[in-house]
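Chemist: Sharing a structure here in structure tokens format.
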Amino acid sequence: MRIVIIGAGFGGIGAAIELQAHGVRDITILEAGDGLGGTWLYNSYPGAACDVPSHLYSYSFAQRRDWTRLCSPQEEILDYLRTVAHDYGVDRLVVPNSRVTACRWDDETRCWTVETDDGTSREADAILVATGQLHQPAYPSVEGRETFAGHSFHSAEWDHGYDLQGRRVAVIGTGASAVQFVPEIAKEVERLVVFQRTGNWFMPRRNREYPAPVLAAIKHVPGLQAYRRRFIFEYGESLTAMIRHPATLGRLGAARSAGFMRWQVRDPELRRRIWPDYTFGCKRILFSSAFLPALQRPNVELVADAISAITPAGVVTADGTEHAVDCIIYGTGFRTNDFMFPMEITGAGGRSLRETWAGGPHAHLGMTVPGFPSLFVLYGPNTNTSGGSIIVYLEAQAAYVRQALQLVRDRGAAAIDVRPEVEARSDEETQWRFAGTAWTRCASWYRTPDGRIVANWPGYMREYVARTAVLDAADFALIPAPAREPQAV
């Protein structure tokens with residue numbers, strides 16, 4: 001089988017390892033960037049790190065015992081992914097600088113054509129779209145943004161050639177990325193103005209280097225690493241439980257977060273400005289013990305007024321104040337609901353995935369969409385986690401896709417297609433399970449403008465792993481191979 005994987009991050013690399021381990025040899029990984037790494041290649045801003053402990057934010061089959069910290073920095077995660085890809089022989093499958101522009105299914109040949117921006121076309125029997133949810137930078141729609149005369153860039157496209165030393169800098173956004181880089185750049189800029197749209201719920205995270213005795217114990221004590229991984233897994237599940245039950249368990253999480261935030265911010269005026277006005281867990285819970293103290297530095301100002309415009313000189317807020325700056329850094333996140341778009345994907349009968357998803361992305365178990373045979377989305381709709389590790393989901397998805405492709409191979413079929421009624425029932429159940437949870441209690445990047453939650457899985461990691469452990473062949477239709485022309489004797 002000819003397999004094309006789009007994206008060389010954790011999802012694409014993990015899927016290639018899984019398929020190769022089960023005898024699939026014709027695999028091509030198309031990567032838009034200049035190398036593998038995904039989000040950990042692109043996001044190299046100061047302080048970039050994962051907020052999930054590394055012994056869970058890593059492949060179960062490739063555990064490391066030499067992480068330097070609980071939550072590893074970007075360079076260490078990127079090195080880990082490159083090392084794993086090399087050790088399992090899949091780094092050689094990556095074709096860098098190959099941005100996919102279109103995937104088209106042919107009803108006659110019953111295979112896919114994959115086109116890249118360099119004009120190359122490839123045929124594939126199956127496509128795994130592993131572009132993820134956090135790869136397309138989002139910029140705010142603010143009047144005058146293009147008129148700014150100073151320097152500007154997005155945190156996911158950090159300009160390491162620009163010296164922030166002694167500059168007046170504006171940071172727009174206070175999400176997960178800004179929470180990591182603001183404490184770092186606050187130490188070197190002359191003045192830092194942080195513009196916040198909404199406050200965040202914070203949990204503590206002191207991410208110091210492991211002392212030598214701890215490193216030695218992790219490396220040499222039998223079972224310790226497995227115990228730590230299980231402990232963090234269960235801790236992540238407890239966060240999900242708080243989000244699923246906001247009136248009971250969620251109050252405990254909110255109380256812990258509130259106590260931590262009150263302890264870190266003693267000034268009542270600043271506390272008022274940073275305080276979230278929504279239910280604990282409705283938006284992403286942030287882990288940082290450095291961000292709130294950074295806001296209290298003498299050279300840092302937090303502005304909670306809405307931004308009305310950007311001028312050549314700086315940022316204007318709703319009260320009419322113009323904040324003059326030399327540089328604007330956009331910590332405004334990603335276009336999470338776009339998934340693989342603007343890539344054009346055309347399935348059976350010429351149907352467009354963009355049109356199919358006009359009312360919001362949806363897929364059976366986040367992976368398969370009716371009418372798009374042998375097209376699988378990794379980290380697709382409703383597979384994000386608010387309280388765990390996406391690597392757990394990606395490993396489960398890779399094994400599920402492998403089962404689907406084995407079924408195609410064993411039955412001598414051309415492709416596999418999820419039944420429409422199965423996908424519709426799956427989506428209905430997924431959306432129904434959000435009722436009563438914290439996710440429904442505010443607007444967030446998890447949702448479309450009409451309120452449909454398209455990013456998150458509504459339950460627990462262990463549930464998703466169980467649901468995807470064994471592929472049910474009855475959920476799918478097999479597309480027979482095209483009839484061969486009789487050959488002359």
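Chemist: Among the numbered criteria (1) under 27 Å from Ser58 (Cβ atoms); (2) assigned to a loop (DSSP other than H, G, I, E, B); (3) of a type outside the set (Lys, Arg); (4) modelled with pLDDT of 95 or more, which single criterion is violated by Phe434?
Modeler: Evaluating Phe434 over (1) under 27 Å from Ser58 (Cβ atoms); (2) assigned to a loop (DSSP other than H, G, I, E, B); (3) of a type outside the set (Lys, Arg); (4) modelled with pLDDT of 95 or more leaves (1) as the failure.
Chemist: For the stretch 207-224, name all the residues that are surrounded by 11 or more Cβ atoms within 10 Å (Cβ to Cβ) and either under 25 Å from the mean Cα position of the chain (by Cα) or on the phi > 0 side of the Ramachandran plot (or both).
Modeler: Selection gives Asn207 alone.
Chemist: With the requirement that a residue be out of contact with any strand residue (DSSP E or B) (no Cβ under 9 Å at 6 or more places or on another chain), part of a helix (DSSP H, G or I) and open to solvent by less than 70 Å² (accessible area, probe 1.4 Å), what does the stretch 250-278 give you?
Modeler: Once the filter is applied, which keeps residues that are out of contact with any strand residue (DSSP E or B) (no Cβ under 9 Å at 6 or more places or on another chain), part of a helix (DSSP H, G or I) and open to solvent by less than 70 Å² (accessible area, probe 1.4 Å), the stretch 250-278 yields Gly250, Ala254, Ala255, Ala258, Gly259, Arg271.
Chemist: Please tell me if Glu123 is open to solvent by 70 Å² or more (accessible area, probe 1.4 Å), modelled with pLDDT of 95 or more and touching a strand residue (DSSP E or B) at 6+ places or on another chain (Cβ under 8 Å). Outline the logic, then answer.
Modeler: Details: open to solvent by 70 Å² or more (accessible area, probe 1.4 Å): yes; modelled with pLDDT of 95 or more: yes; touching a strand residue (DSSP E or B) at 6+ places or on another chain (Cβ under 8 Å): yes.
Answer is yes for this residue.
Chemist: So, one more: If you go through the stretch 395-415 one residue at a time, do you hit one that is modelled with pLDDT of 95 or more, under 21 Å from Met242 (Cβ atoms) and touching a Leu at 6+ places or on another chain (Cβ under 7 Å)?
Modeler: As a first pass, look at the stretch 395-415 and keep what is modelled with pLDDT of 95 or more: 395-415.
Subset that is under 21 Å from Met242 (Cβ atoms): none.
No, that holds for no residue.
Chemist: Turning to a different aspect of this structure: I need the strands (runs of 3 or more DSSP E) fully contained in the stretch 125-229, keeping only those with at least 3 residues that are not β-branched (Val, Ile, Thr).
Modeler: Details: elements: 126-129, 151-154, 168-172, 191-195.
Hits in the stretch 125-229: 151-154, 191-195.
Chemist: Return the pair list, or none, for Cβ contacts closer than 6 Å from residues in the stretch 40-54 that are in a loop (DSSP other than H, G, I, E, B) to residues that are open to solvent by 30 Å² or more (accessible area, probe 1.4 Å) and charged (D, E, K, R), at least 6 apart or on different chains.
Modeler: Pairs that qualify, where the first residue is in a loop (DSSP other than H, G, I, E, B) and the partner is open to solvent by 30 Å² or more (accessible area, probe 1.4 Å) and charged (D, E, K, R), are Pro46/Glu184; Gly47/Glu184.
Chemist: Mind listing whichever residues of the stretch 86-130 are on the phi > 0 side of the Ramachandran plot and among the small types (Gly, Ala, Ser)?
Modeler: Gly89, Gly119
Chemist: Any residue that is crowded, with 19+ Cβ neighbours inside 10 Å, out of contact with any Pro (no Cβ under 9 Å at 6 or more places or on another chain), of a type in the set (Val, Ile, Thr) and assigned to a helix (DSSP H, G or I) - is there at least one of those in the stretch 283-292?
Modeler: No, the stretch 283-292 has no match at all.
Chemist: Looking at the stretch 332-345, I want the residues that are at pLDDT below 85 and have a partner that is in a loop (DSSP other than H, G, I, E, B) and open to solvent by 40 Å² or more (accessible area, probe 1.4 Å) with Cβ atoms under 8 Å, at least 6 apart or on another chain. Which pairs are those?
Modeler: Qualifying pairs under 8 Å: Phe334/Leu134; Phe334/His135; Phe334/Trp445; Thr336/Leu134; Thr336/Trp445; Asn337/Trp445.
Chemist: Given the condition of a type outside the set (Lys, Arg), surrounded by 21 or more Cβ atoms within 10 Å (Cβ to Cβ) and within 30 Å of Asp34 (Cα to Cα), answer yes or no: does some residue in the stretch 183-205 qualify?
Modeler: yes
The values are calculated or read from the model by the stated rules, or taken from the named source; none is laboratory data. Not measured: the values here are computed from a predicted model. Neighbour counts run over all protein chains shown; Cβ positions are idealised from the backbone, glycine included. We work out accessible area using only protein heavy atoms, side chains counted, and drop any ligands, DNA or RNA first. Shrake-Rupley method; radii C 1.70, N 1.55, O 1.52, S 1.80 Å.
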